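A.B. asks: Below is a structure I'd like to ask you about.
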Amino acid sequence: MLLVAGIIAAALLSLYFSSLTYALRNFSRARLEDLLSVRGKLESLEGVVDYRADLVFVTAFVRMLANILIVVASVRLLDVAGVDGGGGIAMATARTAQQALDSPRCARS
């Protein structure tokens, strides 16, 4: 049960940081400035703009770690469930390949 909870938590973490990564890659400075001024946090704008590449890297890195955790926990769950070890690794490999193909770098036009 703990493994399933870990997989779900890692999937939610991956989803959250994936959303952050894509938002940071494609934001409108004018719209962000409007939203920050409404919230009274306009001083944060320059920090986001100046460190945008670093923020994208950090969020993508955390997402990658969450995806690795999903794979490792999935393999362990299959092992605990008594599924053949080779099958678990094959399943984890297929899942990793699917996530890599779903990434924006592999997007098909």
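Since every read-out is calculated from the coordinates, none of them should be taken as a lab result. Everything quoted here is computed from the prediction, not taken from an experiment. Cβ: placed from backbone, ideal geometry, glycine included. Neighbour counts: every protein chain shown.
A.B. asks: Any idea how far the Cα center of segment 5-26 sits from the one of segment 42-83, in Å?
C.D. replies: 7 Å
A.B. asks: Distances longer than 21 Å among the Cα atoms of the chain: what percent of all pairs is that?
C.D. replies: Here the tail beyond 21 Å accounts for 50 percent of pairs.
A.B. asks: If you don't mind, another one. Simple spin-label model, 7 Å along Cα-to-Cβ: VAL72 to ALA11 in nm?
C.D. replies: The answer from the label model is 1.9 nm.
A.B. asks: Turning to a different aspect of this structure: Full-extension gain between LEU101 and TYR22, please, as 0.36 nm times their residue separation minus the C-alpha to C-alpha distance.
C.D. replies: Value of the extension gain: 26.8 nm.
A.B. asks: Another question, if that's okay. Among 42-48, 20-26, what's the highest-first ranking by average C-beta atoms within 10 angstrom per residue?
C.D. replies: Details: 42-48: 11.7, 20-26: 14.9.
Result, highest mean Cβ count within 10 Å first: 20-26, 42-48.
A.B. asks: Continuing with this model, one more query. Using a basic spin-label model with each label point 7 Å from the Cα along Cα→Cβ, how many nm lie between ARG52 and GLU33?
C.D. replies: So the two model labels end up 1.3 nm from each other.
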